[in-house]
Amino acid sequence: MALATAFLILLVAAPAAVYGASHTVGDTNGWTTGVNYTAWTSGKTFTVGDTLVFNYDSSHKVDVVNQADYSSCSSSNSIKSYDNGPTTITLDTAGSNYYICPTPGHCTNGMKLLVNVVAAGTPATPTTPPTTSPTTPATPPTTTPTTPANNGSPPPPPPPPNGAARSSYMNLVGVPLVLATLIALMG
Ligand SMILES: [Cu+2]
């Protein structure tokens, strides 16, 4: 069971890892001053499991900061700090992620990046509710048909119908045959 479960988890989790996109910050400009990173993020979708690749030289760093420090270009409370690029950061949580360069003057010159990350499991969430919904409606219908079926059972005695059907068949075929024979004899 444990193995099977693990395998299922792998099957479900693998796509996110396999298809996680790699985003090179600033494209060919890399992580430097004079680049509009708001424009760079525009139109891009960042999903949990994607990676950001910061390409920069020793005059820059990458600090992960909170929203307030992003706004004020403060690196004194940095959550994480990277130097010695290139640096690859995996986006492992949905929500807003803030990055700045702590080198004096660089953040205020535009070296600040806000990335809004969306959950990768979005499709999986809707899948669960639908499964539950169909189950609920399915139960009542099953019960309802059963009741009418019982009511209908007495009159039609399905088993006899087979015999009856044969009788009908005989009537349908036999009567005309008899009539035809009679007509032929009379004719
Ligand atoms: Cu810098």
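Just so you know, all these numbers are worked out from the coordinates, no wet-lab data involved. Just so we're clear, the structure is a prediction, and the values are computed from it rather than from any experiment. Using ideal geometry, Cβ is built from the backbone for each residue, glycine included, and neighbour counts are taken over all protein chains shown.
Sorted on the mean count of surrounding Cβ atoms within 10 Å across their residues, most packed first, peptides 109-118, 86-95 read 109-118, 86-95. Amide hydrogen proximity for T51: with H placed 1.01 Å from N in the peptide plane, the residues at 5 or more positions away or on another chain lying under 5 Å are A21, S22, H23, L91.
Charge tally around S75: other residues with Cβ under 9 Å, Lys/Arg +1 each, Asp/Glu -1 each, net -1.
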